[in-house]
Structure formats: structure tokens, C-alpha cells
Amino acid sequence: MDDQSLFNAHSHSVSTQYRTIYQLPLTQNQLVTELFSVGIHPEDATIDSTIKTDYFKNIVSKNCVAIGEIGLDNRITIPMETQETNYIEQLELATKHDLPILLHCVNAWDRCRFLHSIHAPKQVLIYHGFSKASILNQVLAYEQAIISIGGSILSNAALQEALTHIPLKRLLLETDDATVDLIAIYTKVAELKSLSLPTLIEAIQTNANRIFKL
Ligand SMILES: [Zn+2]
């Protein structure tokens, strides 16, 4: 098995080992040669508009394959109105550039989905770092939603059970900012879904190629 066949849908570090969508930091220019996503996290919703404008220039790069991580977070102190303005602006960018969205969503699924349905209804909405098993059915009920799972699958029993109900076609895997190895996530997911590792790898590759138009 070739490591490059493992696809990492979202990571904050550059990888030479796995095919990865790197989360481009606000201060970085497009000099990266790997695939990347461009997005202003709700935590950063109040940044200066000139930084924003410069950062968004990276979207035209052919390596920019997603807008994200963007969304709404009910756990942080940034006012929800500011977060929504930031989210909507970037949903519109995703529509303009025809790119999928990497969604950061904390206790705000209904609102994230609603605003997506207004401002970017045609763009795939990837719920990244999904771990809240109790809302799985609501997320799956939204046609445009894809579920991306990370390191919490190794220890979250409710998520492990929920995974068995996620159609393979709607699944991506990621490391995000965790130190966990991608192969450990793939191995666990293959075991829980009773698939061979090569079958899982191929299915995720197919999904990634379709969703990110690779
Ligand atoms: Zn992240």
C-alpha cells in the first residue's frame, strides 16, 4: 500500500507522507505546492479587512480546492452576528468559485445548514471534525452534507456506533490539528465498517476526487 493513496481531508500541517488538504494559515502566501483550503475560522472573524483581502487572493490558485474551515461556533466569545457575516461572505465565495466548503460547526448545525441553503446551496458542505453522534440523522438528512471524521473515532463510543450508519459515499477522514496518525484513523474506520483497508482507502479516494474535483 502506497501512503499517498491515503487522503487527509483537513490538516493544519503540511504532509509529505499523505495526500492532504492543508489549511492555509492567514499569514501564508500561496507558495505551497500541495492542495489547500482557504477560510477564515469563526475565531478570526474580526480580523482586519486588508489581511482578509490579501488572504482571499489565494483562492484563485489551482491548488485551492475548498473554502474552509468556516462556520459558526457557539462556544467562543465572538458575537454570533459577526460570525454569521464572516460565514455568509465565505459561503458566497464558495459559490462564486464553485468550491466545496469545510464546515466548522459547534452547537449550530441548524443555522449553519440554513445559511448554507441560502448562500451556497449547490456547494458540497463537509462537516469537518464531526463527533456529535446525536445529530447524525439531522446532518445526513441534508443532501449536500458530507461527514469528515478525525481522531475522536479512536475513543468516542457514540461516534463509533454512529459511523456504522454513515453511507460510505458521504464519508471523508482527516487528522485536523491532532497528532494522531492518519493510518490509525483509517484502520479503526475500516474495522468499524467491516471493510478491508484497501476497500476503505479506495472509497475515500473516490469521494475526495468527486468532492474536490481532483
Ligand atoms: Zn481545523
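The values are calculated or read from the model by the stated rules, or taken from the named source; none is laboratory data. Treat the numbers as computed from the prediction; the structure is a model and nothing was measured. Glycine also receives a Cβ, built like all others from the backbone with ideal geometry; neighbour counts cover every protein chain displayed. Just so you know, the surface numbers come from the protein's heavy atoms only, side chains and all, with ligands and any DNA or RNA stripped out. Shrake-Rupley method; radii C 1.70, N 1.55, O 1.52, S 1.80 Å.
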Task: Check on residue 37, small (Gly, Ala, Ser) and under 21 Å from residue 98 (Cα atoms) - done: yes
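Suppose we filter 33, 50, 46 for residues that are of a type in the set (Ser, Thr, Tyr), more than 30 Å from residue 132 (Cα to Cα) and in contact (Cβ under 8 Å) with a residue 12 or more places away in the chain; which single one remains? Steps first, answer last, please.
Values: 50 fails: in contact (Cβ under 8 Å) with a residue 12 or more places away in the chain; 46 fails: more than 30 Å from residue 132 (Cα to Cα).
Going through 33, 50, 46 in turn, just one is of a type in the set (Ser, Thr, Tyr), more than 30 Å from residue 132 (Cα to Cα) and in contact (Cβ under 8 Å) with a residue 12 or more places away in the chain: 33.
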Task: Residue satisfying condition, being within 25 Å of residue 171 (Cα to Cα) and open to solvent by 50 Å² or more (accessible area, probe 1.4 Å), within set 17, 90 - done: 17
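For segment 6-26, give me each residue that is at pLDDT below 90 and either away from the ligand (no atom under 16 Å from the Cβ) or charged (D, E, K, R) (or both). Can you show your working first?
Here is the first cut: in segment 6-26, the ones at pLDDT below 90 are 14-17.
Selection gives 16, 17.
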TODO: Give me the pairs, please: first residue somewhere in segment 181-200 and more than 13 Å from residue 161 (Cα to Cα), second residue anywhere and of a type in the set (S, T, N, Q) and surrounded by 14 or more Cβ atoms within 10 Å (Cβ to Cβ), beta-carbon distance under 6 Å, and either six or more positions apart or on two chains.
DONE: 182/8; 182/175
- [ ] Report, by residue number, each residue of segment 56-82 that is within 16 Å of the ligand (Cβ to nearest atom) and either of a type in the set (Phe, Trp, Tyr) or out of contact with any Phe, Trp or Tyr (no Cβ under 7 Å at 6 or more places or on another chain) (or both).
- [x] 67, 68, 69, 73, 75, 76
Open item on the list: Just checking, does segment 155-163 include any residue being in a helix (DSSP H, G or I), within 16 Å of the ligand (Cβ to nearest atom) and open to solvent by less than 30 Å² (accessible area, probe 1.4 Å)?
Closed with: no
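So which of 148, 152, 131 ends up being assigned to a loop (DSSP other than H, G, I, E, B), within 16 Å of the ligand (Cβ to nearest atom) and open to solvent by less than 60 Å² (accessible area, probe 1.4 Å)?
Working: 148 fails: assigned to a loop (DSSP other than H, G, I, E, B); 152 fails: assigned to a loop (DSSP other than H, G, I, E, B).
Going through 148, 152, 131 in turn, the sole match is 131.
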Task: Hits in segment 191-212 (condition: among the small types (Gly, Ala, Ser) and buried (at least 18 other Cβ atoms within 10 Å of the Cβ)) - done: 208
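Identify, from the list 106, 38, the residue that is closer than 23 Å to residue 174 by Cβ, within 15 Å of the ligand (Cβ to nearest atom), open to solvent by 10 Å² or more (accessible area, probe 1.4 Å) and of a type in the set (Val, Ile, Thr). So that I can check it myself, show each step before the final result.
Details: 38 fails: open to solvent by 10 Å² or more (accessible area, probe 1.4 Å).
Checking each option against the conditions leaves just 106.
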TODO: Taking residue 117 as the residue in question, decide whether it is at pLDDT 95 or above, in a helix (DSSP H, G or I) and of a type in the set (Ser, Thr, Tyr).
DONE: yes
Open item on the list: Which numbered condition in (1) within 21 Å of residue 103 (Cα to Cα); (2) among the β-branched types (Val, Ile, Thr); (3) in contact (Cβ under 8 Å) with a residue 12 or more places away in the chain is the only one that residue 206 fails?
Closed with: (3)
